[in-house]
Every structure is written in structure tokens, then in C-alpha cells.
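A.B. asks: Here it is, the structure, as C-alpha cells.
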Amino acid sequence: MGNIVTVSEVCKRYGKVQALRGVSMEVAEGEIFGLIGPDGAGKTTLFRILATLLLADSGTATVDGLDVRRDYRKIRRCIGYMPGRFSLYQDLTVRENLEFFATTFNTTIERNYHLIEDIYRHIERFKHRRAGKLSGGMKQKLALSCALIHAPRVLLLDEPTTGVDPVSRKEFWEMLFRLKTQHGITIVVSTPYMDEAMKCDRIALVQNGHFLKIDTPAAITGSYAKSLWSVRSEQMHRLLDDLRQWPGADTVFSFGETYHVTIKNGYDSEQLQHHVAHCGHQQVLVQHIEASIEDAFMALSD
Amino acid sequence: MKEKFVIEVDGLSKQFGNFVAVNHISFQVKEGEIFGFLGANGAGKTTAMRMLCGLSVPTSGHATVAGYDVYRQSEQVKRNIGYMSQKFALYDDLTVGENLKLFGGIYRMSRHQIRQKSDHLLAELGFTAERGTMVRSLPLGWKQKLAFSLAIFHDPKIVFLDEPSGGVDPITRRQFWELIYRAADRGITVFVTTHYMDEAEYCDRVSIMVDGHIKALDSPAMLKQMFQVGSMYDVFLALARTATRSE
């Protein structure tokens, strides 16, 4: 399969702020590609360049073989873009918004209903409600329906799950997965939630306008090179300081109910265990663990 | 030892027309506790939190916050709590120092107090050189740390954090939680909402709201044991699936 999106050495600066510092990536057709990183990393800038709403200062980008600068009109027909901020018409109803986007692209809701059915059925009973009066989760589903109604080949979704609770996020990812498998739509999606990275075929870890790494989630966690240990005890607050005092500790970070500790060369977990016991901790549990995407991100960003 | 509660809620409800946003909730929060207040979008968290902050009058039930009644003493409630959300925290077009002065003034601190506490706060955060910097031009992670420090600037008994840590990188998010730990160790009670389930694990106790009710309330360890699952994420999924309210 060919690459439906390509980005090559793209740079973008806003005044003094260098938003993108020469990023490159290729997205294969039918893939879910994730841009994973914090606010301000450059994710939205890249989406806006791919959506032909912003010109790069340098570098090139293509969608379906079309150049974002030269062929922007054609590109706009083949992408569906869902910006991070809700950008439908608040005072049109659910149905009117959908009709508006369909007619803008010279099509009808009926013609492409099969694409949105799975998503739209959740909000259909509110079709006469104004978009501005919808809850967050329903707005998100309407926005996705509107981005799909002209049957795009590529979906560009900028942080669709930010601020959304875990159950709605799970449902949303299930919808994306069906769009990919049942309709072959390519999806480029950004998220600040590291756990969602595992749901993508490939991801780019983004920080400060750079890609730290591009690969499958499994390859990224698999290539984690540090010695990683999970540590817990009865007194978690004090344990954090005690672990940081240990000269063998490279990094110490909270991870849910435990701390993840990386150990410097020349030290080992027995010494770690000894140190923690020496500090007077009870019910100490030290286990060697595999890295998560979040561990990998933290290791790559320091 | 008799436990001291800084938030006591008994049968608290809030109704908008026919819609019961918060339906007869009861719970207590202990002094110095980190209390996680979880729930799906639309479960009633924000409405409940607004009542506890003295911003919205309950329809029925009782609640005291820092010893003050939320119906009759909402001004005293506001004076004794701190509040921070991701949506609003700091004035972007004021400098760091001006924000400190403004918040200190609102909470009726003396100039001398404000000056003294500002110096201490900036030194502790390593922001002393940024006193004259516009908040707008600070990195997001710095803003969040500053916003939290400001929310506890007037030494409130309780600080309410409404999704405080969204959008930052994983390291900054953890540094932010370490500030929360430190505040709790100093005896400040922390009441926090979040959609990050790993952060639910950092709380001493967690409540989970479903359709206006509190469906579960216990320590993360007990909740996981009760639902026989390995993470708070799974506890949340198990409970939120029982929701019938369509947001």
C-alpha cells in the first residue's frame, strides 16, 4: 500500500515561536496514525498545514499525492478535518449542520449515510436540537459525522478526546477502528492521553516541534533501553523522597499506585531494595517491569 | 483519634427544572486528604462542585465546607477555599507578580503578607526571575504550577481542582502532582476531578458519580478489590457502564 500522507522537513514559525522544526512522516493508506504529545508540541500546526489552512515556511507535504500548497482545492475534497475546538454552527440544529456540510461538498446525507450511521445513531434523536445545546460527547459525535459526510479518504482529528471521560473515549476509539476496518479510511489523530497511543497502528511522539520517534507502539516500548522497576510501600509520599535520595536512581516518577524507577549503570535492584528497607519502609514491593508508552516518552524527552 | 471532616455533605441535591443533576449525595472528606471526585461527562460533578464552592445554591440537603454552611455562609466558604481549573486559573495579560498581588488582594491579605509570601512562593518554584514576565508567555506547565500555588496562596483549608492537569507532558504532569502531595502533607485538603485514571490512584479516597448519584466511595485499593479488577480505569468502566443518563 502506498503512502496517502507525506510530510517532509516541514518547518513553521510564529514570530519568535518555532512551532515545527523540520518534521517528516509518512502515513500508509488505511492506517491509524497517532500524534502523541503535550499541548504546544506542534500537533495542531501540522494538522492545519495538512488541512491546507496554513502554509509551511519550508518543507513539503502531500495528501493522496496532491501538494498542500498547489492542489489545496482538491485536497479539501478528500480530507475530513475535525479541529480541536468545536467549530460547527452553534445555532443550527444537529440535522442542519450535517446538511450544511453535505451540500457544501455537493453531496447529500443519504448518499453517504452508511459512513456516519454508526456514529450518528447515537445523536439522531437530538436532531432538532441546536448544536450549541449539545453535551461535550454529543458535540464530538456530530463533529465527526460532519467531517465524514463527504466521504473523505483521510480523516484529520485534532485531539478529539481531550476532556472526555474514559468511557466515552473508549467508545470513540471503537468508532475510529470501525471506520478504518469497514470503510478503509485513513486516520491521523492526535491525543495527549498516552494510553490511547496503544490503539494506533503507528505513532509519532511529538515534543517542542520535533518528532522524538516514529514507530509502532510495540516497537517503541520494545526498544526502551533503561532498567525499569516498579516500587511501592506503605508510605508512598515519603517513599518518593527516599527513592530520589538513592544515588542509583536515575529517574523516579509516579505511575498510578506505584513509582517507576530507572536505575543507573553500576547499580542494581538488590541495592535499591536494600536502600528502601534501610529507610524503614514496610511492605515493600520491587518488580522489574516492561515500559509503557509513557515511560518511553519520558525517556526520550529528557 | 476522632477524625476531623472538612467537607460534610448530607443528602445534597440540585434540580434544574425536571432534571435532577445531583441526586441526594452524601459523603465526608477528611482533613489533609486527597479526595478524587470522578464521574463521566454529565454525571453531575461540576454541579456538585459548584455547590460546595458556594457558587450555586442547592435545591435540598445539607453541606458544610471548612465548617461553613453552603446556604447561609457562602462568602465564608469562598474565603476558606482555593480553586483552580484548567479553563481558568490566571490572568494571561498580567505579569506573574501582578497575578500574585491580585489574588492576595482578593483574599484580603496585607501588602506585607503578599510581598513576603510571593518571595517565598517564587523561590520555591524557581520562578524568581519570572516575576515581571507576562503569564501569557510562560510555558503551559509553568502556568499550571503557578496556578496551583496561587490557589493555595491564602492558606485555604481546602483546594478544589477541576481537571487541573490536562494537556501537559507526562513529566510536568507528575511534577504537578508532587505539588499536590506536598500541599496535602502540609494539611491542605485536596478535592480533585480528573479524567486521567492513573491520577485516581494517587488519591487517598475516590468517589465515582453516575447519573447524579455517588455509586462508589473508597480507597483505590479497596475499590479495585471490590470490583475485582486491576486498575481504577477498570473500576470506572464497570461503574460508568451502568449509566442510563444520555449525557
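The values are calculated or read from the model by the stated rules, or taken from the named source; none is laboratory data. Please read these numbers as outputs of a predicted model, since none were measured by experiment. Backbone-built Cβ (ideal geometry, glycine too); neighbour counts: all protein chains shown. All accessible areas refer to the heavy atoms of the entire protein, side chains included, with ligands and DNA or RNA removed. Shrake-Rupley method; radii C 1.70, N 1.55, O 1.52, S 1.80 Å.
A.B. asks: Using DSSP to define loop residues, name the trypsin sites (Lys or Arg not before Pro) in region B:172-241 whose beta-carbon has at most 16 other beta-carbon atoms within 10 Å.
C.D. replies: Here the sparse-neighbourhood loop sites are B:ARG186, B:ARG241.
A.B. asks: Give me the one-decimal nm value for the distance between modelled label points at A:GLU110 and B:THR133, 7 Å along each residue's Cα-to-Cβ direction.
C.D. replies: Result: 6.0 nm between the two label points.
A.B. asks: Mind checking the mean number of beta-carbon atoms from other chains within 10 Å of the Cβ atoms in A:237-249?
C.D. replies: The mean count of partner-chain Cβ atoms within 10 Å per residue comes to 1.
A.B. asks: Something else about it: Checking buried surface per residue: for region B:149-173, which residues lose a minimum of 20 Å² accessible area in the protein assembly relative to the chain alone (1.4 Å probe)?
C.D. replies: Checking the loss per residue gives B:GLY167, B:ASP169, B:PRO170, B:ILE171.
A.B. asks: Next up: Taking the 0 to 90 degree range and rounding to the nearest ten, how far is the long axis of helix A:136-148 tilted relative to the main principal axis of chain A, both from C-alpha atoms?
C.D. replies: 50 degrees
A.B. asks: When every alpha-carbon pair in region A:174-301 is counted, what percent end up more than 23 Å apart?
C.D. replies: 43 percent
A.B. asks: Please sort by residue number the trypsin sites (Lys or Arg not before Pro) in region A:77-181 whose DSSP state is loop and whose Cβ has at most 13 other Cβ atoms within 10 Å.
C.D. replies: A:ARG85, A:ARG111, A:ARG121
A.B. asks: Please compute the average number of Cβ atoms from other chains found within 10 Å of each residue's Cβ in peptide B:91-103.
C.D. replies: So the per-residue partner count for this stretch is 0.
A.B. asks: Name the residues whose placed amide hydrogens come within less than 5 Å of the amide hydrogen of A:ILE4, ignoring near sequence neighbours (fewer than 5 apart) on the same chain.
C.D. replies: A:VAL27, A:ALA28, A:GLU29
A.B. asks: Under 1.5 on a/c is rounded, so check that first for region B:112-199, then, if it is not, pick prolate when a/b is larger than b/c and oblate when it is not; a ≥ b ≥ c are the square roots of the alpha carbon gyration tensor eigenvalues.
C.D. replies: oblate
A.B. asks: From the backbone phi of region A:231-247, what are the Karplus-calculated ³J(HN,Hα) couplings (6.51 cos²θ - 1.76 cosθ + 1.60, θ = phi - 60°) in whole Hz, Gly and Pro given as x?
C.D. replies: So the Karplus estimates, Gly and Pro as x, are 10, 8, 8, 5, 10, 5, 4, 6, 4, 4, 5, 5, 5, 5, 6, 6, x Hz.
A.B. asks: Counting DSSP beta bridges with both partners in chain B, what percentage is antiparallel, nearest 5?
C.D. replies: Close to 55 percent.
A.B. asks: Between chains B and A, what is the buried accessible area in Å², counting both sides, with a 1.4 Å probe and ligands, DNA and RNA left out, to the nearest 100?
C.D. replies: 2700 Å²
A.B. asks: How far apart, in nanometres, would the label points at A:MET198 and A:LEU53 be if each is projected 7 angstrom from Cα along the Cα-to-Cβ direction?
C.D. replies: 3.2 nm
A.B. asks: What net charge do the residues around A:GLU31 carry, taking every other residue with its C-beta under 13 Å from that of A:GLU31, with Lys and Arg at +1 and Asp and Glu at -1?
C.D. replies: 0
A.B. asks: Given the -39500 (n - 2.57) contribution per DSSP H run of 4+ residues, what per-residue ellipticity at 222 nm results for chain B, rounded to the nearest 500 deg cm²/dmol?
C.D. replies: -10500 deg cm²/dmol
A.B. asks: For B:LYS87 and B:THR59, what does the FRET efficiency come to when R0 = 25 Å and r is the distance between their Cβ atoms, rounded to the nearest 0.05?
C.D. replies: 0.50
A.B. asks: Further, regarding this structure: What is the ratio of the Cα radius of gyration of region A:3-221 to 2.2 N^0.38 Å, where N is its residue count, to two decimals?
C.D. replies: 0.98
A.B. asks: Where Lys and Arg each count +1 and Asp and Glu each count -1, what net charge lies around A:SER230 among other residues with Cβ under 14 Å from its Cβ?
C.D. replies: Computed value for this residue: -4.
A.B. asks: Run down the lysines and flag those whose C-alpha is under 23 Å from the C-alpha of A:LYS139, throwing out any fewer than 8 positions away in its chain.
C.D. replies: Here the lysines satisfying the reach criterion relative to A:LYS139 are A:LYS43, A:LYS127, A:LYS170, A:LYS180, A:LYS199, B:LYS45, B:LYS87.
A.B. asks: Let me ask something else about it. With point charges of +1 on the Cβ of Lys and Arg and -1 on the Cβ of Asp and Glu, referenced to the Cα centre of region A:3-221, which listed residue (A:LEU148, A:THR107, A:VAL7) lies farthest in the positive direction of the dipole?
C.D. replies: A:THR107
A.B. asks: With all protein chains present, how much of the accessible area of the protein assembly as shown (probe radius 1.4 Å) comes from carbon and sulfur, to the nearest whole percent?
C.D. replies: 48 percent
A.B. asks: Specify the angular offset, from 0 to 90 degrees and rounded to the nearest 10, of the alpha carbon long axis of helix A:269-278 from the longest principal axis of the alpha carbons in chain A.
C.D. replies: Long axis of A:269-278 versus the principal axis of chain A: about 70 degrees.
A.B. asks: Continuing with this model, one more query. Which trypsin sites (Lys or Arg not before Pro) in region B:46-124 pass both tests, a DSSP loop state and at most 15 other beta-carbon atoms within 10 Å?
C.D. replies: B:ARG72, B:LYS87, B:ARG108
A.B. asks: Could you run the Karplus curve 6.51 cos²θ - 1.76 cosθ + 1.60 with θ = phi - 60° over region A:25-33 and give me ³J(HN,Hα) per residue in whole Hz, x for Gly and Pro?
C.D. replies: Result, rounded to whole Hz: 7, 9, 10, 6, 4, x, 9, 9, 10.
A.B. asks: Next question, about the same structure. So with the 1.4 Å probe, I'd like the accessible area per residue for region B:136-221, rounded to whole Å².
C.D. replies: Ligands and nucleic acids excluded, the result is 27 Å² per residue.
A.B. asks: Could you tell me whether region A:85-137 comes out rounded, prolate or oblate from its Cα gyration tensor? Rule is a ≥ b ≥ c as square roots of the eigenvalues, rounded for a/c under 1.5, then prolate if a/b exceeds b/c, otherwise oblate.
C.D. replies: oblate
A.B. asks: Could you compute how much accessible surface A:HIS288 exposes when probed at 1.4 Å, giving the result in Å² to the nearest 10?
C.D. replies: Counting only protein heavy atoms, the figure is 110 Å².
A.B. asks: Using a cut-off of 11 Å between beta-carbons, work out the net charge of the residues near B:GLY54 (Lys and Arg +1, Asp and Glu -1, B:GLY54 not included).
C.D. replies: +2
A.B. asks: With labels modelled as points extended 7 Å from the Cα through the Cβ direction, what inter-label distance (nm, one decimal) is found for A:GLU29 paired with A:ARG129?
C.D. replies: Result: 3.9 nm between the two label points.
A.B. asks: Once amide H atoms are built 1.01 Å from N in the peptide plane, which residues 5 or more positions from A:TYR81, or in another chain, come under 5 Å H to H?
C.D. replies: The answer is A:LEU156.
A.B. asks: Moving to a separate point now. Given the rule -39500 (n - 2.57) for each run of at least 4 DSSP H residues, summed and divided by the residues of chain A, what is its mean residue ellipticity at 222 nm, to the nearest 500 deg cm²/dmol?
C.D. replies: Calculated at 222 nm, the ellipticity per residue is -9500 deg cm²/dmol.
A.B. asks: Residues of region A:153-187 losing 50 Å² or more of accessible surface, assembly versus chain alone, probe 1.4 Å, please list them.
C.D. replies: Residues passing the criterion (a loss of at least 50 Å², heavy atoms only) are A:ASP165, A:PRO166, A:VAL167, A:LYS170.
A.B. asks: Under 10 Å, Cα contacts only: if you run a Gaussian network model on chain A, which one of A:LEU144, A:LEU285, A:LEU212 comes out with the highest mean-square fluctuation?
C.D. replies: A:LEU285
A.B. asks: Show me, for region B:32-44, the HN-Hα J-couplings you get by feeding each phi into the Karplus relation (A = 6.51, B = -1.76, C = 1.60, θ = phi - 60°), rounded to Hz, glycine and proline as x.
C.D. replies: Each residue's phi maps through the Karplus curve to give x, 7, 9, 10, x, 10, 9, x, 5, 4, x, 6, x Hz.
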